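Chemist: Following this message is one structure expressed as structure tokens.
Laboratory data are not the source of any read-out in this text; all were calculated from the coordinates shown. Worth saying up front: this structure is predicted, and the values here are computed from it rather than measured. Counting neighbours? That spans all protein chains shown, and the Cβs are built from the backbone with ideal geometry, glycine included.
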Amino acid sequence: MTAMEEIEVGATTLFVLDDGTWRFPAHFFFANVPAAQWQARLDTDAEGKIPVGHNHGLVKTAHELIVIDTGYGDDRHGGCTGHLLDDFERTGLRPEQVTQVVTTHAHGDHIQRHTLLHAGRRRPTFTHARYHLARADWHWFTEVAPTPEVETHLVPLARSGQLTFFDGECEISPGVHLLPTPGHTPGHTSVLIESGGHCALFLGDLCHHAVHFSHPQWVSSFDTHPELTPHTRARIFSLAEHLRALLICPHLPAPGLGHLMRVGDGFVWQPLNRPARHG
Ligand SMILES: [Zn+2]
Ligand SMILES: [Zn+2]
């Protein structure tokens, strides 16, 4: 059973859809750090792995239903992942009601339920939605470093005209802002949701582990531009503090919700306290 969460952000409802958790070698997340340093800050299993969550977003405003990233799709890792649509169904909403789909970046763990296979052809999962991707990620993942996931799940949407490219900061619906947060990928984007003075910030892969919040110089081996990552983190951490934003972090343990707490010159991750789950 995955761990769908529902949170009110002012008049907007945010669902966190749990695509699943699987264990992944921790060293990939600390590419520029001597092993002994990061190993002192977290526990791994005998194989050096840690559980990695896959928490994605569904935002319900007065007029729109917006999906943020879509997970692993048919890439199941022995049944551990690919559960996004199961959680979606638990919301009582239907995929055809989705008006927009935001892609924080074009990595395979964020785009593979953008499409569904119908009679041998890839069709959009969210049939009536406009899909968004930063133009910089489109360029990178089709021209510079193409991937089979982008070819399978984004190229058909571009061909059918359902994929829209954006540059820089934009507001795709009242109170739903796309913020460029480059480093992990060139077009990596975070999503700020504002309503009635309340804010939530969907970080994307700005941080993969809670220790990245207290060690913003420690970067993942998946970052295409790791030199940018610490600067982007500093800017977004300040914004989150200023807005007192609830943060959603895709790869922290489900549901990946928390706040930043200032400690000295830096921050630590404070997971959101939720009532115990029953049933
Ligand atoms: Zn990524
Ligand atoms: Zn990811």
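Chemist: Looking at the range 74-108, which of its residues are touching a helix residue (DSSP H, G or I) at 6+ places or on another chain (Cβ under 8 Å) and either in a helix (DSSP H, G or I) or under 14 Å from Tyr131 (Cβ atoms) (or both)?
Modeler: Listed by number, the residues that qualify are Leu85, Phe88, Pro95, Thr103, Thr104, His105, Ala106, Gly108.
Chemist: Can you name the residue in the range 244-274 that is more than 19 Å from the chain's Cα centre (by Cα) and over 17 Å from Ile7 (Cα atoms) and is also surrounded by the most Cβ atoms within 10 Å (Cβ to Cβ) among such residues? Give the derivation first.
Modeler: So in the range 244-274, the residues more than 19 Å from the chain's Cα centre (by Cα) come out as 244, 261-268, 273-274.
Next, from what is left, pick out any that are over 17 Å from Ile7 (Cα atoms): 261-268.
Working: Met261: 13, Arg262: 10, Val263: 9, Gly264: 6, Asp265: 5, Gly266: 14, Phe267: 20, Val268: 15.
Step by step, filter the range 244-274, then rank; the result is Phe267.
Chemist: Could you give every pair whose Cβ atoms fall below 7 Å, whose first residue belongs to the range 88-113 and is more than 16 Å from ligand 2 (Cβ to nearest atom), and whose second residue is aromatic (Phe, Trp, Tyr) and in a helix (DSSP H, G or I), counting only separations of at least 6 or pairs across chains?
Modeler: So the pair list comes out as Pro95/Phe88.
Chemist: Taking the conditions exactly as written (part of a loop (DSSP other than H, G, I, E, B), out of contact with any Phe, Trp or Tyr (no Cβ under 9 Å at 6 or more places or on another chain) and either within 16 Å of ligand 2 (Cβ to nearest atom) or acidic (Asp, Glu) (or both)), does Gly187 satisfy them or not?
Modeler: Details: part of a loop (DSSP other than H, G, I, E, B): yes; out of contact with any Phe, Trp or Tyr (no Cβ under 9 Å at 6 or more places or on another chain): no; either within 16 Å of ligand 2 (Cβ to nearest atom) or acidic (Asp, Glu) (or both): yes.
Against the criterion (part of a loop (DSSP other than H, G, I, E, B), out of contact with any Phe, Trp or Tyr (no Cβ under 9 Å at 6 or more places or on another chain) and either within 16 Å of ligand 2 (Cβ to nearest atom) or acidic (Asp, Glu) (or both)), Gly187 does not qualify.
Chemist: Quick test of your reading of the structure: Pro51 fulfils all but one of (1) within 19 Å of the chain's Cα centre (by Cα); (2) farther than 23 Å from Tyr72 by Cβ. Name the failing condition by number.
Modeler: The single condition Pro51 does not satisfy is (2).
Chemist: Out of (1) at positive phi; (2) surrounded by fewer than 16 Cβ atoms within 10 Å (Cβ to Cβ), the odd one out for His231 is which?
Modeler: So the condition that His231 fails would be (1).
Chemist: I'd like the full set of residues that are in a helix (DSSP H, G or I) and within 16 Å of ligand 2 (Cβ to nearest atom), limited to the range 192-235.
Modeler: His212, Thr229, Thr232, Arg233
Chemist: Right, another one. Answer yes if at least one residue in the range 26-43 is out of contact with any Phe, Trp or Tyr (no Cβ under 8 Å at 6 or more places or on another chain), surrounded by 18 or more Cβ atoms within 10 Å (Cβ to Cβ) and of a type in the set (Asp, Glu), and no otherwise.
Modeler: Among the residues of the range 26-43, not one is out of contact with any Phe, Trp or Tyr (no Cβ under 8 Å at 6 or more places or on another chain), surrounded by 18 or more Cβ atoms within 10 Å (Cβ to Cβ) and of a type in the set (Asp, Glu), which makes the answer no.
Chemist: Here's something else I'd like to know. Of the conditions (1) away from ligand 1 (no atom under 16 Å from the Cβ); (2) more than 15 Å from the chain's Cα centre (by Cα); (3) surrounded by fewer than 20 Cβ atoms within 10 Å (Cβ to Cβ), Ser221 clears all except one; give me its number.
Modeler: In the conditions (1) away from ligand 1 (no atom under 16 Å from the Cβ); (2) more than 15 Å from the chain's Cα centre (by Cα); (3) surrounded by fewer than 20 Cβ atoms within 10 Å (Cβ to Cβ), Ser221 misses (1) alone.
Chemist: Those residues that are away from ligand 2 (no atom under 16 Å from the Cβ) and among the acidic types (Asp, Glu), I need them from the range 72-87; list them, please.
Modeler: Asp74, Asp86, Asp87 - these are the residues of the range 72-87 that are away from ligand 2 (no atom under 16 Å from the Cβ) and among the acidic types (Asp, Glu).
Chemist: When the residues of the range 159-206 are narrowed to those that are of a type in the set (Gly, Ala, Ser) and closer than 17 Å to Ala136 by Cβ, which ends up surrounded by the most Cβ atoms within 10 Å (Cβ to Cβ)?
Modeler: Filtering the range 159-206 down to residues of a type in the set (Gly, Ala, Ser) leaves 160-161, 168, 173, 175, 183, 187, 190, 195-197, 200, 204.
After this cut, where a residue has to be closer than 17 Å to Ala136 by Cβ as well, the list is 168, 183, 187, 190, 204.
Details: Gly168: 10, Gly183: 21, Gly187: 25, Ser190: 25, Gly204: 28.
Only one residue tops the list, namely Gly204.
Chemist: Out of the residues in the range 130-158 that are touching a residue at least 60 places away in the same chain (Cβ under 8 Å) and not aromatic (Phe, Trp, Tyr), state the one that is surrounded by the fewest Cβ atoms within 10 Å (Cβ to Cβ).
Modeler: As a first pass, look at the range 130-158 and keep what is touching a residue at least 60 places away in the same chain (Cβ under 8 Å): 140, 145, 153.
The next check asks that each one be not aromatic (Phe, Trp, Tyr); those that pass are 145, 153.
Details: Ala145: 12, His153: 26.
Filtering the range 130-158 for residues that are touching a residue at least 60 places away in the same chain (Cβ under 8 Å) and not aromatic (Phe, Trp, Tyr), the one surrounded by the fewest Cβ atoms within 10 Å (Cβ to Cβ) comes out as Ala145.
Chemist: Need pairs with beta-carbon distance below 8 Å; first residue among the small types (Gly, Ala, Ser) and within the range 225-238, second assigned to a loop (DSSP other than H, G, I, E, B); sequence gap 6+ or separate chains.
Modeler: Ala234/Pro216
Chemist: What residue, among those in the range 66-114 that are among the small types (Gly, Ala, Ser) and within 16 Å of ligand 1 (Cβ to nearest atom), is farthest from Thr189 (Cα to Cα)?
Modeler: At the first step, the residues of the range 66-114 found to be among the small types (Gly, Ala, Ser) are 71, 73, 78-79, 82, 92, 106, 108.
Next, only the ones that are within 16 Å of ligand 1 (Cβ to nearest atom) stay: 71, 73, 106, 108.
Details: Gly71: 16, Gly73: 21, Ala106: 10, Gly108: 15 Å.
Selected residue: Gly73.
Chemist: Return yes or no: is Leu239 surrounded by fewer than 19 Cβ atoms within 10 Å (Cβ to Cβ), closer than 17 Å to Ser190 by Cα and either away from ligand 2 (no atom under 16 Å from the Cβ) or among the basic types (Lys, Arg) (or both)? So that I can check it myself, show each step before the final result.
Modeler: On the way: surrounded by fewer than 19 Cβ atoms within 10 Å (Cβ to Cβ): yes; closer than 17 Å to Ser190 by Cα: yes; either away from ligand 2 (no atom under 16 Å from the Cβ) or among the basic types (Lys, Arg) (or both): yes.
Here the answer is yes, as Leu239 does meet what is asked.
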